[in-house]
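Structure, as structure tokens:
The values are calculated or read from the model by the stated rules, or taken from the named source; none is laboratory data. Keep in mind the model is a prediction, meaning the values are calculated, not measured. So basically every Cβ, Gly included, is an ideal-geometry build from the backbone, and we count neighbours across all protein chains shown.
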């Protein structure tokens, strides 16, 4: 199925506008990563997390204050799907059973008739959290290195540089979004193992889309040896446009449904995919291809252009 037949959009002519847009997004993302910064989840900083069900709604700020006053520790409390369910997080160490008892007793005393009940517990020690953080960093960097090597072997160094810059562009924007909004959303935007999985999914999706365009650019560069490289890239993008729109559109629709009905646990994961796939689709056309053209024109012999004689 092709929804775009014989299109002749001049994508490369707007590369300056796309670079400005990407530059603004990256600037906002980098500033957000510096301040307020990312919020690490239990997986990467250690601590204990409880899902607490109650008979009556308890304001999360009041619950956090009551728990802090009773224990002297800092508690983070948010609604979890509905007002009668809270997610309670603390970096406090110690026995999880003792913490569970303390949470239930404190909430029972502070909020009469709430009848709190622990519905789920998740605990990670500081040493394990440190190991998980190191492994996550190595995993992401390793994935980028393997992709760089793959593109270098399959194409050449110019394509590899463009691919890695594009992937870094996509990942930084997604992380910047999480840093900017993690205190504003009703659901968790903490960085944990699930979000790392989402980032790796975004990297895989984005590079797949980019490789399709790169492959067509290389094919057309051999077929149309006398036309400017930018024109060849435009031709390649236009011929893959139907595939790009259909693949991205159907994937985004599925992820949007997951975001809307998938439950609180999947909100952060599906939001990362929504933003990452959207940005990845944009970058494969408006970021990766212009970089390849620029590097090709700068570090390759000029192509002979044939003009029609009068």
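A few comments on the model shown:
Okay, residues lined up against (1) assigned by TED's automatic domain parsing to the domain that holds residue 169; (2) under 13 Å from the mean Cα position of the chain (by Cα); (3) surrounded by 22 or more Cβ atoms within 10 Å (Cβ to Cβ); (4) part of a helix (DSSP H, G or I):
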residue: 249; (1), (2), (3), (4): yes, no, no, yes
residue: 254; (1), (2), (3), (4): yes, no, no, yes
residue: 258; (1), (2), (3), (4): yes, no, no, yes
residue: 265; (1), (2), (3), (4): yes, no, no, yes
residue: 268; (1), (2), (3), (4): yes, yes, yes, yes
residue: 275; (1), (2), (3), (4): yes, yes, no, yes
residue: 280; (1), (2), (3), (4): yes, yes, yes, yes
residue: 283; (1), (2), (3), (4): yes, no, yes, yes
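- Scanning the range 227-247 for residues that are within 26 Å of residue 275 (Cβ to Cβ) and outside any helix (DSSP H, G or I) returns a single hit, 240.
- Residue check, residue 88 over 30 Å from residue 279 (Cα atoms) and in contact with a helix residue (DSSP H, G or I) (Cβ under 8 Å, 6 or more places away or on another chain): yes
- Applying the set (1) outside any helix (DSSP H, G or I); (2) closer than 14 Å to residue 54 by Cβ; (3) at pLDDT 90 or above to residue 121 leaves exactly one unmet item: (2).
- Test set (1) free of Cβ contacts under 8 Å to residues at least 60 places away in the same chain; (2) part of a helix (DSSP H, G or I); (3) closer than 30 Å to residue 88 by Cα - residue 184 fails condition number: (2)
- Residue 67 vs. criteria more than 21 Å from residue 190 (Cβ to Cβ) and in a helix (DSSP H, G or I): no
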